[in-house]
1. The conditions are (1) modelled with pLDDT of 75 or more; (2) loosely packed, with under 13 Cβ neighbours inside 10 Å; (3) in contact with a helix residue (DSSP H, G or I) (Cβ under 6 Å, 6 or more places away or on another chain); (4) of a type in the set (A, V, I, L, M), and residue 163 fails exactly one of them. Which is it?
2. In the range 36-55, which residues are near the ligand (Cβ under 8 Å from one of its atoms) and within 16 Å of residue 206 (Cβ to Cβ)?
Amino acid sequence: MDGSIEARVDHEVDTWLRWLPRWRPGTHRGRSRLCRQCFGSPIMATAGLATDVPHAVQHALAMRMKALIDAAVDEYTALNLPLLSRELRRNDERRRSTTYRPTEGLDLEYRGLDLDPLPTDDSPYLFTFGELAEATDDDEPFPEDTEPLRPLPPTPLSTEEKAALRVELRLADDFADALGQRICVRLGEQRERIRAGIAAHVEPQVQALLADLDSALDSPLWPR
Ligand SMILES: [Zn+2]
């Protein structure tokens with residue numbers, strides 16, 4: 001990634017502001033649990049988005065900031081924390097080697113058949129086994145002439161390695177914290193732009209929705 005963290009924050013705020021006019025009040029069912037990314041987030045608070053803003057609007061900016069932090073921490077880890085890098089890579093390899101492949105391991109009777117029953121109009125599927133099978137076929141990570149990666153057995157760490165890993169984990173945490181603080185400072189400086197975007201594109205839609213609701217409640221059809 002290029003540029004200072006401040007420049008990256010500005011860029012993400014720009015992108016979010018360009019997205020904002022496309023936001024529409026959701027018609028889907030609300031979340032039943034509080035979003036861990038947004039609720040109580042100091043980033044949302046400094047951006048001025050902690051209260052009176054629809055969750056989807058908050059969430060879009062929160063996820064942009066999270067992606068920014070994740071990428072910067074990954075970059076820092078790869079450059080400075082060799083032991084943690086190695087463990088993360090091993091973990092990733094183990095995870096990849098256990099990817100669920102719905103077409104494998106089926107009894108003979110079920111091989112080659114459609115993986116999913118037909119959906120009905122009123123209840124479409126959230127995901128299908130067919131899509132999962134396509135996805136796992138697509139992400140085949142090995143060129144044809146190389147040995148496929150075998151799942152690595154978890155390697156026990158020595159006491160020294162464990163201690164060194166703990167130090168690296170703390171450094172990664174400290175880096176992420178410091179980054180979060182810089183992001184908060186920068187978002188605080190962008191607060192006016194963020195507020196103006198909300199006032200221009202979100203507030204009118206929320207007001208219209210409330211007005212609609214009001215007139216629906218006043219409807220002569222509504223039992224009093
Ligand atoms: Zn959220």
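The values are calculated or read from the model by the stated rules, or taken from the named source; none is laboratory data. Keep in mind that this is a model prediction, so the values were computed, not measured. Heads up, the Cβs are rebuilt from the backbone with ideal geometry, glycines too, and the neighbour counts pull from every protein chain shown.
1. Unmet for residue 163, out of (1) modelled with pLDDT of 75 or more; (2) loosely packed, with under 13 Cβ neighbours inside 10 Å; (3) in contact with a helix residue (DSSP H, G or I) (Cβ under 6 Å, 6 or more places away or on another chain); (4) of a type in the set (A, V, I, L, M): (3).
2. 55, the sole residue that qualifies.
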